[in-house]
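Note sheet for the following structure.
The values are calculated or read from the model by the stated rules, or taken from the named source; none is laboratory data. Not measured: the values here are computed from a predicted model. Heads up, the Cβs are rebuilt from the backbone with ideal geometry, glycines too, and the neighbour counts pull from every protein chain shown.
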Amino acid sequence: MDEIAESFPEVEIIAQIAKSNYHPSNIKTLDFMTPIEFNEHFSKAKLIVSHAGMGTIISALQQEKPIVVIPRLTKFKEHRNEHQLATAKKFDELNYIHVAYDITELKKIVLSTYYHNLKPLYKLGPYAADSLISSIGTYITSL
């Protein structure tokens, strides 16, 4: 994202990042945000770029924020298994979110977003679907 941000010096890009030897020069970074701070930044964001964590994906879908995820991968020692890849693929198949499977795709999507105003693909309500609730009720009644 730091490299991509070079193309948009007029846009404030904020990232919560882990400590590392790399120090971004084109984005504002925070190593920690309280939930309140995170929600404030999230609600102001025009685009969310994230790893494929369920909490961020669900928040973006509920708040109708366009989101691009790039899953963390075991080949880069970012995770112990490929659960983020599986999450990203399923949401991609459902056409609920934008997914970048590598840095080249991420750059392409973010650049197109800037110039073409990427839209959210899906709106997730705050409650489970009626069919799920009904199915659970039927199951409980059968016990």
Exercise. So is Val68 in contact with a helix residue (DSSP H, G or I) (Cβ under 6 Å, 6 or more places away or on another chain), under 23 Å from Thr29 (Cβ atoms), β-branched (Val, Ile, Thr) and part of a helix (DSSP H, G or I) or not?
Worked result: no
For this session: Inspect all residues belonging to the stretch 86-105 and state whether any of them is in contact (Cβ under 8 Å) with a residue 12 or more places away in the chain and in contact with a Lys or Arg (Cβ under 6 Å, 6 or more places away or on another chain).
Result: no
Exercise. When you scan the stretch 16-65, how many residues do you find that are out of contact with any Pro (no Cβ under 8 Å at 6 or more places or on another chain), more than 20 Å from Tyr122 (Cβ to Cβ), among the polar types (S, T, N, Q) and modelled with pLDDT of 90 or more?
Worked result: 4
Problem set entry | Subset of the stretch 87-121 [assigned to a helix (DSSP H, G or I), over 16 Å from Thr56 (Cβ atoms) and not β-branched (Val, Ile, Thr)] | Lys89, Glu93, Glu105, Lys107, Lys108, Leu111, Ser112, Tyr114, Tyr115, His116
Problem set entry | Selection from the stretch 46-60 of residues that are touching a residue at least 24 places away in the same chain (Cβ under 8 Å) and either part of a loop (DSSP other than H, G, I, E, B) or touching a helix residue (DSSP H, G or I) at 6+ places or on another chain (Cβ under 9 Å) (or both) | Leu47, Val49, His51, Ala52, Gly53, Met54, Ile57, Ala60
